[in-house]
Amino acid sequence: MTDPRVIVALDFAAEEAALQFAGRLDPALCRLKVGKELFTAAGPGCVRKLVGMGFDVFLDLKFHDIPNTVAAACKAAARLGVWMLNVHALGGRAMLSAAREALEGVDARPKLIAVTLLTSMGEQDLREVGIADGSQQGVLRLARLAQGCGLDGVVCSAQEAPMLRRELGRRFCLVTPGIRPAEAAGDDQVRVTTPSDAISMGSDYLVIGRPITRSPDPLQALRRINQEISLSGETQ
Ligand code: C5P
């Protein structure tokens with residue numbers, strides 16, 4: 001598999017558990033996401049080790065700060081050899097452009113994507129922080145801003161993917177969490193989509209955590225998901 005669509009969320013509290021788990025996976029079959037929990041506990045050394053094991057790593061730290069600080073953080077992330085990293089679109093045009101420019105000329109430039117609105121926020125939460133035009137419009141506005149600043153894509157829910165694909169074109173990268181294989185438990189995800197549905201709705205990459213990390217046979221769970229995706233691709 002040359003371009004695995006599944007990004008396994010390595011949501012572990014310590015390096016040893018994360019590395020041990022990654023050792024049960026295969027870099028040819030998935031990529032990995034390191035988020036705030038693992039990064040805060042285990043640090044950049046852990047990211048380097050995962051890269052050294054041959055995995056493409058999505059560093060999910062959602063930078064949001066003044067442009068100069070975010071640019072420097074993006075450069076530091078690129079030096080770790082990550083494949084993808086992200087920032088908050090709400091940081092605004094100057095911050096997004098600074099992040100993009102910081103990665104100019106970097107060898108094997110990481111993909112830079114934006115978080116639009118956190119899916120944990122309801123309409124009332126959004127109004128409270130001054131976003132009055134509703135989540136759909138807000139997501140599209142921020143995704144357009146990210147695209148206009150030269151970012152490669154956004155994190156979005158599968159429900160938002162068809163609209164973003166239509167409005168922002170084929171080449172804008174859509175990365176989608178909240179995925180559950182048909183037979184799996186929903187955990188605390190409210191709206192879930194199956195892997196094949198998410199791909200047919202326009203997502204490029206699927207972030208999947210617990211259905212793989214809590215499986216008794218993670219590699220088998222991953223293979224099954226990849227198979228579901230490739231079968232759905234053949235029928236499209
Ligand atoms: O275990 P699960 O598949 O729910 O993990 C999903 C991963 O995607 C977690 O790391 C979570 O933080 C992340 N995520 C999410 N929903 C969002 C954005 C990110 O579940 N809207």
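The values are calculated or read from the model by the stated rules, or taken from the named source; none is laboratory data. Remember, predicted model here, so these are calculated numbers, not experimental data. Using ideal geometry, Cβ is built from the backbone for each residue, glycine included, and neighbour counts are taken over all protein chains shown. Surface accessibility is based on the protein's heavy atoms, side chains included, excluding ligands, DNA and RNA. Shrake-Rupley method; radii C 1.70, N 1.55, O 1.52, S 1.80 Å.
At-a-glance table
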| item | result |
| --- | --- |
| Test: Val154 is within 20 Å of Ile208 (Cα to Cα) and touching a Ser or Thr at 6+ places or on another chain (Cβ under 9 Å) | yes |
| Helices (runs of 4 or more DSSP H) enclosed by segment 143-236 - at least 2 residues per element that are at pLDDT below 95 and open to solvent by 30 Å² or more (accessible area, probe 1.4 Å) | 218-235 |
| When residues of segment 164-180 are limited to those that are of a type outside the set (S, T, N, Q) and within 16 Å of the ligand (Cβ to nearest atom), the one nearest to Leu59 (Cα to Cα) | Val175 |
| The one condition in (1) surrounded by 13 or more Cβ atoms within 10 Å (Cβ to Cβ); (2) out of contact with any Cys (no Cβ under 8 Å at 6 or more places or on another chain) that Asp107 fails to fulfil | (1) |
| Residue match in segment 185-206 (condition: aliphatic (A, V, I, L, M), closer than 20 Å to Asn86 by Cβ and in contact with a Lys or Arg (Cβ under 8 Å, 6 or more places away or on another chain)) | yes |
| Residue in segment 90-98 that is touching a residue at least 40 places away in the same chain (Cβ under 8 Å), buried (at least 20 other Cβ atoms within 10 Å of the Cβ) and not aliphatic (A, V, I, L, M) present | no |
